[in-house]
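Quick notes on the structure that follows.
The values are calculated or read from the model by the stated rules, or taken from the named source; none is laboratory data. Bear in mind the structure is a predicted one, so any value in this text is a computation, not a measurement. Reconstructed Cβ throughout: ideal geometry from the backbone, glycine too, with neighbour counts over all protein chains shown.
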Number of protein chains: 2
Amino acid sequence: MDKQVNSLDSELRNRAKKVVPGGMWGHMNAAALPEGYPQFFARGSGSRLWDVDGNEFVDFMCSWGPIILGHHHPEVDEAAQKQLARGDCLNGPSESMVELAELLVEMLPHATWAQFQKNGSDAMTTAATISRAGTGRRKILVASGAYHGAVPWCSPSLLGVTAEDRAHIVQYEYNDVESLNRAADQARGDLAGIIASAFKHDYGRDQCLPTREFAKAARAAADAADAALIVDDVRAGFRLNLGGSWEAVGVRPDLSAWSKSIANGFALAAVTGNERFRDATSKLFTTGSFWCSAVSMAAAVATLTALRRDNAIEHMERLGGMLRDGLGSLSKTHGLPIRQTGPVQMPMVLFEDDPDNRKGFAFCSATVKRGIYFHPLHNMFLSAAHTTNDIERALDAAEHGFRAVRDSLTNSAGVSRN
Amino acid sequence: MDKQVNSLDSELRNRAKKVVPGGMWGHMNAAALPEGYPQFFARGSGSRLWDVDGNEFVDFMCSWGPIILGHHHPEVDEAAQKQLARGDCLNGPSESMVELAELLVEMLPHATWAQFQKNGSDAMTTAATISRAGTGRRKILVASGAYHGAVPWCSPSLLGVTAEDRAHIVQYEYNDVESLNRAADQARGDLAGIIASAFKHDYGRDQCLPTREFAKAARAAADAADAALIVDDVRAGFRLNLGGSWEAVGVRPDLSAWSKSIANGFALAAVTGNERFRDATSKLFTTGSFWCSAVSMAAAVATLTALRRDNAIEHMERLGGMLRDGLGSLSKTHGLPIRQTGPVQMPMVLFEDDPDNRKGFAFCSATVKRGIYFHPLHNMFLSAAHTTNDIERALDAAEHGFRAVRDSLTNSAGVSRN
C-alpha cells in the first residue's frame with residue numbers, strides 16, 4: 001500500500017524502530033493489530049480520534065479506557081487548565097486532593113478513605129501491600145488469566161520475572177466458587193488478600209460478569225480469614241456503577257483499585273478502602289514523585305461530577321446495547337456467528353470458530369479502513385460522547401467487515417481447493 | 001499558634017485526616033517536617049512557591065526534584081499547552097514520543113534507545129526486569145540505604161513486604177570497591193545487574209559522589225559477569241551532567257533510569273539503554289495506561305532543549321556554590337559546625353552533633369517562617385530559575401536559622417541546669 005508507505009505514521013515507525021526497542025512497547029504496540037491500524041495519533045475530540053496522517057476514526061477504544069466523557073470534555077479541560085495555571089507538581093498536595101478523596105468516599109459505599117498514585121499497577125501493588133501490612137500475612141489469591149498490571153508479581157509475561165516474585169500468589173478460576181475456596185484453603189493461616197477483577201475481562205477471551213454467588217463467596221472467604229477482599233476496578237471503574245462495580249452484586253470490597261477513566265485521560269490512580277485497613281495504610285511507606293500532582297486530581301473531580309450528573313453510564317449502556325444488537329443482527333444476516341460478552345458498554349466481540357483470529361482481523365481491518373476503530377481481541381470502551389450516529393456509522397462499517405470476513409473465508413477456501 | 005489553627009492549611013489537614021489514611025502519605029507528608037511547614041500548596045512561579053494560605057517561599061525543594069527550570073517555565077508550558085490542545089492520552093503514542101527518544105539518544109552517550117513510564121519506581125523496576133530478561137539471571141546488587149523507589153523489592157520500609165520480594169537482592173556499600181566485589185562474588189553465576197545511584201544521596205545522611213575507582217569497579221564487575229550496570233539517575237538526572245551523571249567519572253552504564261526533572265514537573269519516567277539490552281527490552285511486556293501520554297513528552301523535549309541551550313547546570317552550580325559558601329561562613333560565625341556534602345546544586349545540610357535532628361529542625365523552622373523552604377534531612381534542589389537575590393534572601397534567613405539553633409541549645413541547656 002503506497003499510501004501507507006509514504007505516510008507520516010510509517011515514517012515515525014521507522015524513526016521509532018531506531019530509538020525505541022521494537023519500535024513500541026506494551027499494549028499500545030500496533031504490531032499486534034490488523035493491517036491498516038495506525039501507530040501514531042495526533043488528536044481527539046469527543047468520540048473522534050485522528051491519526052498523524054489526518055485519518056478520522058470513531059474511537060471505540062477510548063485510549064484503552066481512560067476517555068470516559070469523550071476526548072477534550074470541556075468541563076474536565078476547564079478544571080485542568082484552571083489548576084495548571086496555578087500549579088501541578090508542587091512540594092505537597094493541593095486542595096484538589098482533599099476534594100477528590102471526599103468525593104470518592106461520598107460516591108463509594110465501601111470506602112472511608114482514598115490514597116492516590118499514577119498507574120493502575122501502582123494501585124494494585126499498593127492494595128496488595130496494604131493487605132499484607134494489615135494482616136501480617138503473605139498469600140494473595142488471583143484469578144488465572146486476569147490482568148492486574150505489568151509488574152513482576154502480576155505481569156502476563158514471565159520474561160525477567162523470578163519464581164520468588166510470585167511465591168505467595170495462589171491462583172483460582174474466576175466465578176468458580178469451589179476453586180476459590182480451594183485456593184483459600186491452600187493459603188489457610190497465611191491469607192492476606194483475595195483479588196478479583198470487577199468482571200472477567202481477560203485478553204482474547206469471552207468476558208463474564210461476576211455471579212452473585214462468586215462475589216459472596218469471595219467476601220465470605222476474606223471474612224473467614226480476616227483478609228482483604230480487593231476488587232480491581234482499574235479497567236471497569238466508573239463505567240458499570242458509580243458506587244463501584246460490585247455494587248451490582250451486592251458485595252463490598254475492603255480495598256478497590258482505580259485508574260484509567262478516573263480523570264478522563266489525565267494520569268491518576270487510586271486505592272480506596274474501609275476502616276479495617278486504614279491504620280495499616282497510614283503506616284505504609286508508598287509514594288511517587290507525581291502522586292500529588294494537582295491537575296489530574298482537579299480533572300478527576302470534574303470527571304466524576306459530570307459522570308454522576310449526566311447519567312453517563314445509562315447513556316453508554318444504551319449505545320452499547322444498540323451496537324451489540326446491530327452487530328448481532330449483521331452476524332445472523334451474514335451467517336457468521338459471533339460471541340458478544342460482558343457489559344455492553346465495554347464490548348467484547350469474538351468470532352466463533354476463529355482459533356487464529358483470522359476472522360476478527362479481517363473484520364477489524366475492513367472497519368478501520370472505514371474510520372471505525374475497533375479492537376479484535378481486547379474489550380472495547382464506549383464513552384459518554386458517543387452518539388447514535390456513531391453507532392450507525394460503526395454498523396455500516398461492520399456490514400463491510402462481515403463481508404470481508406466472508407471474502408477471506410472464500411479466498412482461503414479457494415486456495416485450499418487448488 | 002492561632003494563625004496556624006485558623007489557616008486553610010490546618011482546615012485541609014483536618015479534612016484530609018478523615019479521608020486519607022494518616023492525612024497524607026509518603027515523602028510529601030508534612031508531619032515529618034519541623035513546625036511551621038505547610039502541607040498544602042496553591043501555586044508556583046519560577047523559584048517561588050505559595051502555600052494555600054498565600055505564604056510565599058523561595059523553593060529549595062523544587063517539588064522534590066521535578067522542577068528544574070523553575071515553576072511554570074514559559075517554553076515548557078507552551079509546549080505542553082500546544083500538545084494538550086491536540087491530545088494527551090490517545091490510542092497510541094504521538095510524534096512527541098519519537099522526538100523525545102531521539103533527543104535522549106542524542107544527549108546520552110551511553111544510550112541508543114529509550115522507553116517511557118510514569119514513576120521513578122516504574123523506571124527502576126523496568127530496568128531491573130530488563131537486566132534479568134537480558135541475562136537470564138536473577139541477582140541484583142543494590143547499595144545498602146539507597147532509595148530506588150517505594151515498591152516491595154526496594155522500598156525503605158519493610159511493612160507489607162515479604163522476604164521473597166528481596167530474595168535476589170544482594171547489598172553492597174556505595175563507593176566501597178571491596179564490598180561491591182564481594183557482593184558480585186556472592187551472586188556469581190546468577191548476576192543480572194548492578195544498581196548504583198548517580199551519587200550517594202540517602203535520606204538524612206551525608207551525600208557522596210561516586211569515586212572513579214568505584215564506578216570503574218562497578219563497570220568491570222558487570223562486564224566480567226556480562227550483567228547490566230544500571231545507574232539510577234531518577235533523582236539527580238539532568239542536574240549534574242546532561243550526558244548522564246556518571247559521565248563525570250568516565251563510566252557508561254548499560255541502563256539508566258530517569259524521572260523527576262525530565263519534564264519540569266509533568267509526570268514522566270524513562271529507561272535508556274545500549275545495544276546489549278535492546279533485544280531483551282523489545283521482548284519485555286511492560287506498559288501503563290498513561291505511559292504514552294503526549295503532553296509530558298512534549299514538555300520533556302522543551303525541558304531538555306532549554307536545559308542544554310541555557311547552560312542551566314552551570315547556573316545551578318554557581319548559585320549552589322554561593323549558597324554553600326554562605327552557609328559555611330554563617331556556620332563558622334555562629335560556631336555551629338555543619339556538614340555540606342555532595343553536589344552543590346543538590347544541597348545537603350546536616351548539623352554536626354545532632355543525633356535527634358533538633359538543630360536541623362530549629363534551623364529550618366526559623367527559615368521557613370522567613371519564607372525560605374529548606375529541608376532538614378533530605379537533599380534539596382536548585383533550579384535554573386533561582387537568582388542571586390534568592391540566595392541572598394536564603395542566607396539572610398539562615399542567619400536567623402543559626403540564631404534559632406543557638407537559642408534552642410541555650411534554652412535546653414537552661415532547662416537541664418534547673
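Could you run through region B:81-94 and say how many residues are surrounded by fewer than 24 Cβ atoms within 10 Å (Cβ to Cβ) and without any contact (Cβ under 8 Å) to a residue 12 or more places away in the chain?
Counting residues in region B:81-94 that are surrounded by fewer than 24 Cβ atoms within 10 Å (Cβ to Cβ) and without any contact (Cβ under 8 Å) to a residue 12 or more places away in the chain gives 2.
Residues of region A:162-180 being surrounded by fewer than 18 Cβ atoms within 10 Å (Cβ to Cβ), part of a loop (DSSP other than H, G, I, E, B) and either on the phi > 0 side of the Ramachandran plot or under 23 Å from the mean Cα position of the chain (by Cα) (or both), which ones?
A:GLU173, A:ASP176 - these are the residues of region A:162-180 that are surrounded by fewer than 18 Cβ atoms within 10 Å (Cβ to Cβ), part of a loop (DSSP other than H, G, I, E, B) and either on the phi > 0 side of the Ramachandran plot or under 23 Å from the mean Cα position of the chain (by Cα) (or both).
Would you mind telling me which numbered condition in (1) of a type in the set (A, V, I, L, M, F, W, C); (2) over 22 Å from B:THR211 (Cβ atoms); (3) touching a Phe, Trp or Tyr at 6+ places or on another chain (Cβ under 7 Å); (4) more than 10 Å from every other protein chain (Cβ to nearest Cβ) B:ALA143 fails?
Single failed check for B:ALA143: (2).
So A:THR126 passes all but one of these: (1) more than 8 Å from chain B (Cβ to nearest Cβ); (2) outside any helix (DSSP H, G or I). Which condition number does it fail?
(2)
Which residue pairs have Cβ atoms closer than 9 Å, lie 6 or more positions apart in sequence or on different chains, and pair a first residue in region B:208-224 that is farther than 14 Å from B:PRO253 by Cβ with a second residue that is loosely packed, with under 14 Cβ neighbours inside 10 Å?
Every condition considered, the pairs that remain are B:ARG212/B:GLY250.
Restricting region B:357-404 to residues that are in contact with a His (Cβ under 9 Å, 6 or more places away or on another chain) and in a loop (DSSP other than H, G, I, E, B), which is surrounded by the fewest Cβ atoms within 10 Å (Cβ to Cβ)?
In this case the residue turns out to be B:ARG370.
Name the residues in region A:311-348 that are closer than 22 Å to A:THR410 by Cα and of a type in the set (Val, Ile, Thr), would you?
A:THR333, A:ILE338
Give the residues of region B:237-257 that are crowded, with 22+ Cβ neighbours inside 10 Å and within 16 Å of B:ASN311 (Cα to Cα), sorted by residue number.
Residues satisfying the conditions are B:GLY237, B:PHE238, B:ARG239, B:LEU240, B:GLY244, B:SER245.
Being within 14 Å of another protein chain (Cβ to nearest Cβ) and in a loop (DSSP other than H, G, I, E, B), is that true of even one residue in region A:206-225?
So far as region A:206-225 goes, no, none of its residues is within 14 Å of another protein chain (Cβ to nearest Cβ) and in a loop (DSSP other than H, G, I, E, B).
For region B:125-142, how many residues meet the condition of being touching a strand residue (DSSP E or B) at 6+ places or on another chain (Cβ under 6 Å) and of a type in the set (Gly, Ala, Ser)?
The total comes to 3.
In this structure, does A:ALA114 turn out to be under 19 Å from A:LEU284 (Cβ atoms) and within 8 Å of chain B (Cβ to nearest Cβ)?
yes
Take region B:332-354 and flag every residue that is part of a loop (DSSP other than H, G, I, E, B) and either surrounded by fewer than 12 Cβ atoms within 10 Å (Cβ to Cβ) or over 20 Å from the mean Cα position of the chain (by Cα) (or both).
Selection gives B:HIS334, B:GLY335, B:LEU336, B:PRO337, B:GLU352, B:ASP353, B:ASP354.
When A:THR333 is evaluated against the numbered criteria (1) hydroxyl-bearing (Ser, Thr, Tyr); (2) more than 26 Å from A:LYS200 (Cβ to Cβ); (3) within 14 Å of chain B (Cβ to nearest Cβ), which criterion, by number, is the only one it fails?
Of everything listed in (1) hydroxyl-bearing (Ser, Thr, Tyr); (2) more than 26 Å from A:LYS200 (Cβ to Cβ); (3) within 14 Å of chain B (Cβ to nearest Cβ), A:THR333 misses just condition (3).
Quick one: in region A:148-175, which of the residues that are among the aromatic types (Phe, Trp, Tyr) and out of contact with any Cys (no Cβ under 8 Å at 6 or more places or on another chain) is nearest to A:ARG188 (Cα to Cα)?
A:TYR172
Identify, please: which residue in region B:260-274 is assigned to a loop (DSSP other than H, G, I, E, B) and on the phi < 0 side of the Ramachandran plot and is, among those, surrounded by the fewest Cβ atoms within 10 Å (Cβ to Cβ)?
Going through the qualifying residues, I end up with B:ASN274.
Hey, does region A:123-141 have a residue that's in contact with a helix residue (DSSP H, G or I) (Cβ under 9 Å, 6 or more places away or on another chain), of a type outside the set (S, T, N, Q), closer than 27 Å to A:ARG339 by Cβ and not assigned by TED's automatic domain parsing to the domain that holds A:HIS375?
no
Only one of B:ASN55, B:ASN6 is away from chain A (no Cβ under 11 Å) and within 25 Å of B:ASN379 (Cβ to Cβ). Can you tell me which?
B:ASN55
Checking the conditions here, which among B:TRP50, B:TRP25 is touching a Leu at 6+ places or on another chain (Cβ under 8 Å), not aliphatic (A, V, I, L, M) and not assigned by TED's automatic domain parsing to the domain that holds B:TRP291?
Selected residue: B:TRP25, the only one of B:TRP50, B:TRP25 that is touching a Leu at 6+ places or on another chain (Cβ under 8 Å), not aliphatic (A, V, I, L, M) and not assigned by TED's automatic domain parsing to the domain that holds B:TRP291.
Condition check: part of a helix (DSSP H, G or I) and modelled with pLDDT of 95 or more. Does B:PHE290 satisfy that?
So B:PHE290 fails the test.
Please tell me if A:GLU106 is without any contact (Cβ under 8 Å) to a residue 60 or more places away in the chain, surrounded by fewer than 24 Cβ atoms within 10 Å (Cβ to Cβ) and within 8 Å of chain B (Cβ to nearest Cβ).
no
How many of the residues making up region A:235-260 are within 15 Å of the chain's Cα centre (by Cα) and under 17 Å from A:VAL105 (Cα atoms)?
Counting residues in region A:235-260 that are within 15 Å of the chain's Cα centre (by Cα) and under 17 Å from A:VAL105 (Cα atoms) gives 9.
Name the single residue, out of those in region A:181-203 being of a type outside the set (Ser, Thr, Tyr), in contact (Cβ under 8 Å) with a residue 60 or more places away in the chain and more than 9 Å from chain B (Cβ to nearest Cβ), that is surrounded by the fewest Cβ atoms within 10 Å (Cβ to Cβ).
Residue satisfying both the conditions and the ranking: A:LYS200.
Looking only at residues in region B:75-99 that are of a type in the set (A, V, I, L, M, F, W, C) and facing another protein chain (nearest Cβ under 9 Å), which one is farthest from B:PRO253 (Cα to Cα)?
The selected residue is B:ALA85.
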